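Take a look at the structure below.
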Amino acid sequence: MRIARFSIDGNVAFGAVEGDKQDELVLDIIKGIPFADYELSGTKVPLSKVRLLPPVLPNKVVAFGRNYAEHARELGNEVPDAPFAFFKPSTSVIGPGDEIQYPPFTEDLHHEAELAVVIGRLCREVPRERVKDVIFGYTCANDITARDVQKREKQWARAKGFDTSCPLGPWVETDLDIAAASDLTIQLTVNGRQRQLGRTSEMIHSIEDLIVNITEAMTLLPGDVILTGTPAGVGPLNVGDEVAVTIEGIGTLTNKVVKRG
């Protein structure tokens, strides 16, 4: 099932996305919230009549860097022996169609297409065999990065945590199991031209590895998001660019870059 979060007439709700053709998609409005008991209301609204929002509002976004060997090498970095985590704050999250604001403190803004894992239940110290039980679903993400700031400041809080640096969407796909999610095509285009193309099977550390690793240290809450790393091909974005992340079996997340101000 594809679960979207949307606004219509000033109201915010979750809905199940139904249909196959983009111009014929409808939302069956959900009674309740998808992380608890819920049911479909039967009240349907065309997707074209609503504004899609970030599919979840995470308490935290845990991101893992250098999880694809070719990406690590293209930036001159060593491949880490263990998962390498950092955070993006909740204020960095935007949804499909929202604008990525080019911040004034960087001159080298980069895109990074990523598979995002959405957590479905409170969890800590998750054993490998139980990882599947804590996953709600998967969505597309773009880990927008101020590359020059990342290199200059060494730690990544400003470089990867600024407002609008974490587009998520367009919805959460809940029908993928870990095996399927671990071998999907992931690609990114800028103004229709392909920049990134890879498969999630190229990850150095698996989805299970990442969730086991981070829950050894902290509790994850329903709606928290795990970014699993980006394949090779990262590169610059400019004001006016339209950037789209497409992941097989999930959908396409599209955003436009604008000047902040």
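Of all the accessible heavy-atom surface of the range 1-67, with the other protein chains kept in place and a 1.4 Å probe, what percent is carbon and sulfur?
Of the solvent-accessible surface of the range 1-67, carbon and sulfur hold 48 percent.
Would you mind counting up the charge near LEU168? Only other residues with Cβ under 11 Å from its Cβ, with Lys and Arg at +1 and Asp and Glu at -1.
-1
Top mean-square fluctuation among ALA159, ALA232, ALA82, Gaussian network model of the chain, C-alpha springs under 10 Å?
ALA82
Which one, GLY42, GLY15, GLY97, has the greatest fluctuation when you compute a Gaussian network model over the chain with C-alpha springs under 10 angstrom?
GLY42
Could you tell me the accessible area of ILE33 in Å² (1.4 Å probe, neighbours in place), rounded to the nearest ten?
About 90 Å², rounded to the nearest 10.
Compute the accessible area per residue over the chain, keeping the other protein chains in place, probe 1.4 Å, unit Å².
That works out to 45 Å² for each residue.
I'd like the carbon and sulfur percentage of the solvent accessible area for the range 154-261, probe radius 1.4 Å, heavy atoms only, ligands and nucleic acids excluded.
So the carbon and sulfur contribution to the accessible surface is 48 percent.
Compute the convex hull volume of the Cα atoms of the chain, divide it by the residue count, and report the result per residue in Å³ as a whole number.
Hull volume over Cα atoms, normalised by residue count, gives 121 Å³.
Enumerate by residue number the trypsin sites (Lys or Arg not before Pro) in the range 1-43 meeting two conditions: DSSP loop (anything except H, G, I, E, B), and at most 14 other Cβ atoms within 10 Å of the site's Cβ.
LYS21
Please find, in a Gaussian network model of the chain (springs between Cα atoms separated by less than 10 Å), the residue of PRO170, PRO80, PRO89 whose mean-square fluctuation is greatest.
PRO80
With θ taken as phi - 60° and the coefficients 6.51, -1.76 and 1.60, list the Karplus ³J(HN,Hα) couplings across the range 36-47 in order, rounded to whole Hz; mark glycine and proline as x.
9, 5, 8, 9, 7, 7, x, 7, 10, 9, x, 4
The values are calculated or read from the model by the stated rules, or taken from the named source; none is laboratory data. Bear in mind that the values here come from a model prediction, so they are computed numbers and not experimental data. Quick reminder, even Gly has a Cβ in these numbers, built from the backbone with ideal geometry, and neighbours come from all protein chains shown. Heavy atoms of the whole protein, side chains included, go into the accessibility calculation; ligands, DNA and RNA do not. Shrake-Rupley method; radii C 1.70, N 1.55, O 1.52, S 1.80 Å.
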